[in-house]
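Chemist: A single structure is presented below for examination.
The values are calculated or read from the model by the stated rules, or taken from the named source; none is laboratory data. Note that the structure is predicted; figures quoted are calculated from it, not measured. Here the Cβ positions follow ideal geometry from the backbone for every residue, glycine too, while neighbour counts run over all protein chains shown.
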Amino acid sequence: MTDTTIAIVGGGPAGSAAGVFLARADFDVLLFDHGRSALRKCAFLENYLGFPAGISPAAYRDLIHEHTATAGCDRIETEVERITETPDGEGFRVHGADGEWDVRYVLATSWAETEYLSSLGVETVPEDHSGDVEVVPTDETGQTNVDGVYAAGRITETYHQAIVNAGDGARVARTLIERERPDFYNDWVVPDGYYERYDMAVPEGVEEITHEERRERERSAARRMTEFFADRQ
Ligand SMILES: Cc1cc2nc3c(=O)[nH]c(=O)nc-3n(C[C@H](O)[C@H](O)[C@H](O)COP(=O)(O)OP(=O)(O)OC[C@H]3O[C@@H](n4cnc5c(N)ncnc54)[C@H](O)[C@@H]3O)c2cc1C
């Protein structure tokens, strides 16, 4: 375990978005998922910005899984059964069906499961409308009542749309990045020489690329998306 090892429980829109941001900021991301996202119940996704013709939930799922892998997340397809403190009190131990993992942080995005958090004393409350599901209260940074345990997405009783939950995962990931790496800037890719114009060094977390490199990335992205959707027709 390093200071930036994090267990994200849930690989839906919230957990996957958080994973991409955290892995790109060099966190060691263990992304636990047993594959039962609420999106499996959606017939066709038409309100996710960037897909003007809509996208099937299965294609969206495959894309977000590929994105987390490209960013460097380690995906562990298992059910998290409980989480305890490590014996030295420095972090948390994730107990899954297939093993145990020690981490410094936990991010719960596991709509609608909270039972595995009870061994840590994480506060949960009944959801407003249904009453038969528990949700996790957080402060404005996404932290629960237990230091180092965060929550994001539908499990925190935000609105019930994938893009809202993905945005929430990204927001809480940014909070964590700021906590561990205060000098890390914006996770931007900018044209070569952009900061020189402002007489600034390139900030940590920003990558400057040449025009040729930009063209190459554009071509490579277009090839990958063409191939991806061609396989699904
Ligand atoms: C019928 C229906 C239709 C919908 N239609 C739309 C729509 O058209 N457009 C739209 O934007 N939204 C739609 N939604 C809402 C959308 O599915 C959710 O808002 C979104 O999936 C929530 O994202 P999330 O990441 O917070 O949770 P989820 O997507 O539910 O992801 C949670 C993940 O946590 C994992 N998990 C849970 N517990 C554990 C555990 N103990 N160990 C390991 N993994 C665990 C699950 O496997 C799951 O992958 C619909 C929902 C439903 C029910």
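Chemist: Within the set of pairs 6+ apart or on separate chains, which have a first residue in segment 23-43 that is within 11 Å of R61 (Cα to Cα), a second that is modelled with pLDDT of 95 or more and of a type in the set (S, T, Y), and C-beta atoms under 8 Å apart?
Modeler: L39/Y60
Chemist: If a residue must be within 24 Å of A17 (Cα to Cα), small (G, A, S) and at pLDDT below 95, how many such residues does segment 108-139 contain?
Modeler: Within segment 108-139, residues that are within 24 Å of A17 (Cα to Cα), small (G, A, S) and at pLDDT below 95 number 1.
Chemist: Given the options G35, G54, G10, name the one that is at pLDDT below 95 and in the same structural domain as G96 (by TED's automatic domain parsing). Before the answer, list the steps.
Modeler: Values: G54 fails: at pLDDT below 95; G10 fails: at pLDDT below 95.
Only one candidate passes the filter, namely G35.
Chemist: Could you look through segment 90-141, keep only residues that are more than 15 Å from the ligand (Cβ to nearest atom) and in contact with a Pro (Cβ under 8 Å, 6 or more places away or on another chain), and pick out the one that is farthest from T158 (Cα to Cα)? Reasoning before the result, please.
Modeler: To start, the set of residues in segment 90-141 that are more than 15 Å from the ligand (Cβ to nearest atom) comprises 90-91, 102, 104-105, 121, 123, 125-126, 128, 131, 137, 139-141.
Imposing the further condition that a residue be in contact with a Pro (Cβ under 8 Å, 6 or more places away or on another chain) reduces the set to 123, 125.
On the way: E123: 17, V125: 14 Å.
Ranking the candidates gives E123 first.
Chemist: Can you pull out the residues in segment 142-156 that are away from the ligand (no atom under 16 Å from the Cβ) and in contact with a strand residue (DSSP E or B) (Cβ under 9 Å, 6 or more places away or on another chain)?
Modeler: Let us first name the residues in segment 142-156 that are away from the ligand (no atom under 16 Å from the Cβ), namely 143, 145-148.
Q143, V146, G148, listed by residue number.
Chemist: Filter segment 19-35 down to the residues that are within 7 Å of the ligand (Cβ to nearest atom) and not acidic (D, E) and list them by number. I'd like the intermediate steps shown before the answer.
Modeler: Going through segment 19-35, the residues within 7 Å of the ligand (Cβ to nearest atom) turn out to be 32-35.
Answer for segment 19-35, where residues must be within 7 Å of the ligand (Cβ to nearest atom) and not acidic (D, E): F32, H34, G35.
Chemist: For residues that are in contact with a Phe, Trp or Tyr (Cβ under 9 Å, 6 or more places away or on another chain) and outside any helix (DSSP H, G or I), scanning just segment 112-135, find the one that is surrounded by the most Cβ atoms within 10 Å (Cβ to Cβ).
Modeler: Out of the qualifying residues, it is V135.
Chemist: Are any residues in segment 36-62 part of a helix (DSSP H, G or I), aliphatic (A, V, I, L, M) and near the ligand (Cβ under 6 Å from one of its atoms), and if so, which ones?
Modeler: Step one: of segment 36-62, the residues part of a helix (DSSP H, G or I) are 38-41, 57-62.
Filter again for aliphatic (A, V, I, L, M), leaving 38-39, 58-59.
Passing the criteria: A38, L39.
Chemist: Out of all the residues in segment 161-169, is one or more in a loop (DSSP other than H, G, I, E, B), out of contact with any Pro (no Cβ under 7 Å at 6 or more places or on another chain) and more than 22 Å from Y116 (Cα to Cα)? Don't jump to the end; show me each part of the working.
Modeler: If we filter segment 161-169 for residues that are in a loop (DSSP other than H, G, I, E, B), which is where we start, we get 161.
Add one more test, that the residue is out of contact with any Pro (no Cβ under 7 Å at 6 or more places or on another chain), and what stays is 161.
Still in the list and also more than 22 Å from Y116 (Cα to Cα): 161.
Yes; the residues of segment 161-169 include at least one that is in a loop (DSSP other than H, G, I, E, B), out of contact with any Pro (no Cβ under 7 Å at 6 or more places or on another chain) and more than 22 Å from Y116 (Cα to Cα).
Chemist: Only residues in segment 161-188 that are under 16 Å from D28 (Cα atoms) count as the first member; pair them with residues that are of a type in the set (G, A, S) and surrounded by fewer than 19 Cβ atoms within 10 Å (Cβ to Cβ), Cβ under 7 angstrom, at least 6 apart or cross-chain, and list the lot.
Modeler: From segment 161-188, the pairs are F184/G205.
Conditions (1) within 16 Å of the ligand (Cβ to nearest atom); (2) outside the structural domain of R40 (by TED's automatic domain parsing); (3) touching a helix residue (DSSP H, G or I) at 6+ places or on another chain (Cβ under 8 Å), marked per residue:
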residue: A162; (1), (2), (3): yes, no, yes
residue: G167; (1), (2), (3): yes, no, yes
residue: A170; (1), (2), (3): yes, no, yes
residue: T175; (1), (2), (3): no, no, no
residue: Y195; (1), (2), (3): no, yes, no
residue: D199; (1), (2), (3): no, yes, no
residue: P203; (1), (2), (3): no, yes, no
residue: I209; (1), (2), (3): no, yes, yes
residue: E212; (1), (2), (3): no, yes, no
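Chemist: While we're looking at this one, here's another question. Tell me yes or no: at least one residue of segment 35-56 is among the hydrophobic types (A, V, I, L, M, F, W, C) and within 15 Å of the chain's Cα centre (by Cα).
Modeler: Step one: filter segment 35-56 for residues among the hydrophobic types (A, V, I, L, M, F, W, C), giving 38-39, 42-45, 49, 51, 53, 55.
With within 15 Å of the chain's Cα centre (by Cα) added as a condition, the list becomes none.
No, every residue in segment 35-56 fails to be among the hydrophobic types (A, V, I, L, M, F, W, C) and within 15 Å of the chain's Cα centre (by Cα).
Chemist: Which residues, counting only those in segment 88-111, are part of a loop (DSSP other than H, G, I, E, B) and of a type outside the set (S, T, N, Q)?
Modeler: Quick first cut of segment 88-111, residues part of a loop (DSSP other than H, G, I, E, B) only: 88-91, 97-98, 104, 109-111.
If the condition is that a residue be part of a loop (DSSP other than H, G, I, E, B) and of a type outside the set (S, T, N, Q), then D88, G89, E90, G91, A97, D98, R104, W111 are the ones that fit.
Chemist: Select from segment 82-103 the residues that are touching a residue at least 60 places away in the same chain (Cβ under 8 Å) and touching a Leu at 6+ places or on another chain (Cβ under 9 Å) and list them in ascending order.
Modeler: I83, F92, V94, W101, V103
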